Amino acid sequence: MKSDTIAAIATAMSPSGIGIIRLSGDEALEIIDKIYRSKNNKKKISQCDSHTIHYGYIYDGDEMIDEVMVLLMKAPNTYTKEDTIEIDCHGGVFVMKRILETVIKYGARPAEPGEFTKRAFLNGRIDLTQAESVIDVINSKNAFALKSSLSQLKGSVLIDVKKIRGNILHEIAFIETALDDPEHISLDGYNEQLLEVVNKERKEIKRLLDSSDNGRILKEGINTVILGKPNAGKSSLLNVLVGEERAIVTDIAGTTRDVLEEQINLHGISLNIMDTAGIRNTEDVVEKIGVSKAKEYANRADFIIYVIDSSTPLDESDFEIMEILADKKAVVLLNKSDLNVVTSKEDVEKHLDKTIIAISAKENTGITELEDTIKEMFFHGEVSFNDEVYITNIRQKNSLQDALLSLNLVVQSIEDDMPEDFYSIDLMSAYESLGKMIGESVEDDLVNEIFSKFCMGK
């Protein structure tokens, strides 16, 4: 089927050394022939070998627009599996727009967000998990998020899911064949065989699901909240971690009244750190709002850093904070260890079973131990990708959960000694859920929603 030709600026819309205008579709070669002229004006791009670069000029009629390099890529060995042209021009905003306008004038249409990648998916070059990983590569905030996205882009998730689907499909086919031809194919003893297969695939799906929490953290960062009483040193700690004076630090209790958010990179892992108002009973209306926000953010946090002023005794506000920490991943910092210590590690251990570290935000001591502890708590001391597959996408996670639920129903049916056609129904449901994950069975609206999050030139 003939596809229309799309075009878009693939680089940032800001002055730069180079700009790229991308074309893809059946008329891409015809369009470039109309607007490109070689130095001696004797060359037609369409007649050249694929995957070659050509120096020349872009013209709109008799008007020269820019000196360019044109990259020619003929179908099917392209990103979209369609004829593709990339025009490398000077990176001025105006000149990029003029070339795009010219390309559209001679037959292309403006691409929709993510339409190049959408075509790659629709034309079978990549599956839906690989397509989603493209935008994850672009939006990567740290080294490990990038590695995870590139792993998915290479098809790591696709390989695992296809293997599970293949094993499920084999069992569906066997059951259906046996039910159609009971004289030649017996299902005696099949329940035990199927249970073994289903349990194996459930284990594989659970492994992928177990990776989703780490996957989200790697992709989005660890949502970290700093809690403590006023003047405990929370803002000083934030400044130390960020490496600059981002929070106002004074000796006046209640200086921090709103939530201050910063992102830092810790051994390649992103921490989304929120410095909150000191938790205490107060009559100040504004400070009350800040305290309420602090508690709200703490309840949603992946990780809490609880800062205690070790030069003062514990009080009711400390015990209130400890209650918040009870079922959370948290670390306790005994700040101001450079002063006379009133609250010791042993004092805190009587009320709270968490890792406790003595630090001095003022003297910048104990910070390395804090960093190592965070890494240990979330990644068991080592962040390693090797061959491990991480699920970083909520849509993919939901599909896996649906598949697991269906396989659980198969197990229940086997235990209840239900007829074999019941097995087939739930196995097919699991098969289809996994198909939705990789895009083999997915609605157009969902596809459009996924690719709408992309930039125009991707």
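The values are calculated or read from the model by the stated rules, or taken from the named source; none is laboratory data. Only a predicted model underlies this, so the values are computations on that prediction, with no experimental measurement involved. No Cβ is skipped: glycine too gets one built from the backbone with ideal geometry, and neighbour counts run over all protein chains shown.
Among the residues making up region 183-202, those that are exposed (fewer than 11 other Cβ atoms within 10 Å of the Cβ) and either over 13 Å from VAL410 (Cα atoms) or aromatic (Phe, Trp, Tyr) (or both) are GLU183, HIS184, SER186, ASP188, GLY189.
For region 56-65, residues that are surrounded by fewer than 11 Cβ atoms within 10 Å (Cβ to Cβ) and small (Gly, Ala, Ser) total 1.
Among what's in region 66-83 and is surrounded by fewer than 16 Cβ atoms within 10 Å (Cβ to Cβ) and part of a strand (DSSP E or B), pick the residue that is nearest to the chain's Cα centre (by Cα).
At the first step, the residues of region 66-83 found to be surrounded by fewer than 16 Cβ atoms within 10 Å (Cβ to Cβ) are 67, 69, 76-77.
Now restrict to residues that are part of a strand (DSSP E or B): 67, 69.
Details: GLU67: 38, MET69: 34 Å.
Of everything passing the filter in region 66-83, MET69 is nearest to the chain's Cα centre (by Cα).
Looking at region 370-458, the helices (runs of 4 or more DSSP H) lying wholly inside it that each contain 1 or more residues that are in the same structural domain as LYS206 (by TED's automatic domain parsing) and at pLDDT 85 or above sit at 394-415, 420-438. Can you work out which of the residues in region 272-299 that are at pLDDT below 80, touching a strand residue (DSSP E or B) at 6+ places or on another chain (Cβ under 8 Å) and of a type outside the set (A, V, I, L, M, F, W, C) is nearest to VAL342 (Cα to Cα)? Among those residues, the one meeting the criterion is GLY278. A residue that is at positive phi, assigned to a loop (DSSP other than H, G, I, E, B) and at pLDDT below 80 occurs nowhere in region 320-340.
Please find, among LYS154, LYS229, LYS147, the residue that is farther than 19 Å from ALA430 by Cβ, assigned by TED's automatic domain parsing to the domain that holds VAL307 and modelled with pLDDT under 90. Going through LYS154, LYS229, LYS147 in turn, the sole match is LYS229. Quickly run through region 349-369 and pick out the residues that are in contact (Cβ under 8 Å) with a residue 12 or more places away in the chain and more than 37 Å from the chain's Cα centre (by Cα). Residue satisfying the conditions is HIS351 alone.
HIS267 passes every criterion in (1) at pLDDT below 75; (2) over 19 Å from MET377 (Cβ atoms) apart from (2). Return yes when ASN214 is of a type outside the set (Lys, Arg), at pLDDT 80 or above, under 25 Å from the mean Cα position of the chain (by Cα) and buried (at least 16 other Cβ atoms within 10 Å of the Cβ) and no when it is not. Against the criterion (of a type outside the set (Lys, Arg), at pLDDT 80 or above, under 25 Å from the mean Cα position of the chain (by Cα) and buried (at least 16 other Cβ atoms within 10 Å of the Cβ)), ASN214 does not qualify.
Per-residue answers, yes or no, for (1) surrounded by fewer than 18 Cβ atoms within 10 Å (Cβ to Cβ); (2) outside the structural domain of ILE65 (by TED's automatic domain parsing); (3) of a type in the set (D, E, K, R); (4) not in a helix (DSSP H, G or I):
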site	(1), (2), (3), (4)
SER14	yes, no, no, yes
GLY17	yes, no, no, yes
ASP26	yes, no, yes, yes
ASP33	yes, no, yes, no
SER46	yes, no, no, no
HIS54	yes, no, no, yes
